[in-house]
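Below: the structure, in structure tokens.
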Amino acid sequence: MVKLGVNIDHVATVREARKERNPDPIAAAILAELAGAHGITVHLREDLRHIQERDVRLLRQTVTSRLNLEMSPTAAMVQFALELQPDQVTLVPERRQELTTEGGLDVAGHERELEKIVQNLRAQRIRVSLFIDPEARQVKAAKSVSADAIELHTGNFARAFHEGESEQAWMAERSRLVDSTTLGNRLGLRVNAGHGLDYQNVRWVSSIPGQEELNIGHSIVSRAILVGMDRAVREMLEQIRLGETDIRK
Ligand code: PXP
């Protein structure tokens, strides 16, 4: 069964629009868990544009499923994670001006530095996942720095799916996800995926054999604003299941 990690960053985006107390991402996390989410994900960005340290500390105390902390691989963030003890850290590249994470981490180009960080975190029994583009050399590099898991960047697939490109074009992007999932599994890595997944395209990713968990934020929070978090999470879980039951065969 493919699991769902709900990314609640954008609940904090709405709060930060006014720098007030509502809506509180802690409440959103509790509602997402009650609706069946298997994990809660937050990205503590260096510019603190949405999630704040206070949120992550409270989530550590309240999340009863699994807390996945996305962060850039800097010394300050690693220190914060070692102190916080999330269940999992997902290392992502971060550029200040970007609207959202724009690409995967170049693990192949930074093996030495990343290996040390992975070791430090794993020594404290924090699972480490690396957010990478679906490329064989990045999957192999993730294995060689001893990561536990990879999260495949589904941004190109999602863009091709929604920009009216031919089925052939987005199926080609999906094939890259299939190949990287197969390779990751073969190397003994847990394989997750995320970015740009929504109610229309998610089934084409949950149907990929060997996928463990999908991390989804913007589409769920957007729907939650209109229909509530409970329904938004349940409807996403239904779409994930559809992919597993209808497409996989
Ligand atoms: N996975 C990673 C590594 C991310 O950086 C993000 C965005 O914060 C997501 C998943 C969720 O992407 P989206 O908000 O498009 O669902």
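What follows is calculated from the coordinates using simple rules that are stated; it is not laboratory data. On a predicted model such as this, the values are computed, not experimentally measured, just so you know. Neighbour counts are summed over all protein chains in view; Cβ atoms, including those assigned to glycine, are modelled from backbone coordinates with ideal geometry.
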Report relative contact order for the chain in percent, whole number only (criteria: Cα-Cα under 8 Å, sequence separation at least 6). 20
Relative contact order of the stretch 128-181 (C-alpha contacts under 8 Å, at least 6 apart) in percent is 39
So what's the net charge close to Arg234: Lys and Arg +1, Asp and Glu -1, counting the other residues with Cβ under 11 Å from its Cβ? 0
The stretch 1-126: Rg to Rh, with Rh as the Kirkwood radius over Cα pairs: 0.96
So how do 78-89, 51-62 stack up, highest first, on mean other-Cβ count within 10 Å? 78-89, 51-62
Taking the Cα centre of the stretch 103-249 as origin, sum charge times position over the Cβ atoms of Lys and Arg (+1) and Asp and Glu (-1), and report the length of that vector in debye to the nearest 20. 500
Among Gly217, Gly155, Gly164, the residue with the largest mean-square fluctuation in a Gaussian network model of the chain built from Cα contacts under 10 Å is Gly164
Could I have the simple spin-label model distance between Arg95 and Gln124, label points 7 Å from Cα toward Cβ, reported in nm to one decimal? 2.9
Do the sum for the chain: with -39,500 (n - 2.57) for every DSSP H run of n ≥ 4, divided by all residues, what is the mean residue ellipticity at 222 nm, to the nearest 500 deg cm²/dmol? -14000 deg cm²/dmol
Given charges at beta-carbon only (K, R positive; D, E negative), |dipole| of the chain in Debye: 500
As an exercise, identify the trypsin sites (Lys or Arg not before Pro) in the stretch 1-44 lying in DSSP coil whose Cβ has no more than 11 other Cβ atoms within 10 Å. Arg18, Lys19, Arg21
Could you please state, rounded to a whole Å, how far the C-alpha centre of the stretch 174-194 is from the C-alpha centre of the stretch 29-73? 25
Expressed as a whole-number percentage, the relative contact order of the stretch 177-229 with C-alpha contacts under 8 angstrom and at least six residues apart is 38
Counting other C-beta atoms within 10 Å, which of Ser180, Ser144 has the fewest, and how do the rest follow? Ser144, Ser180
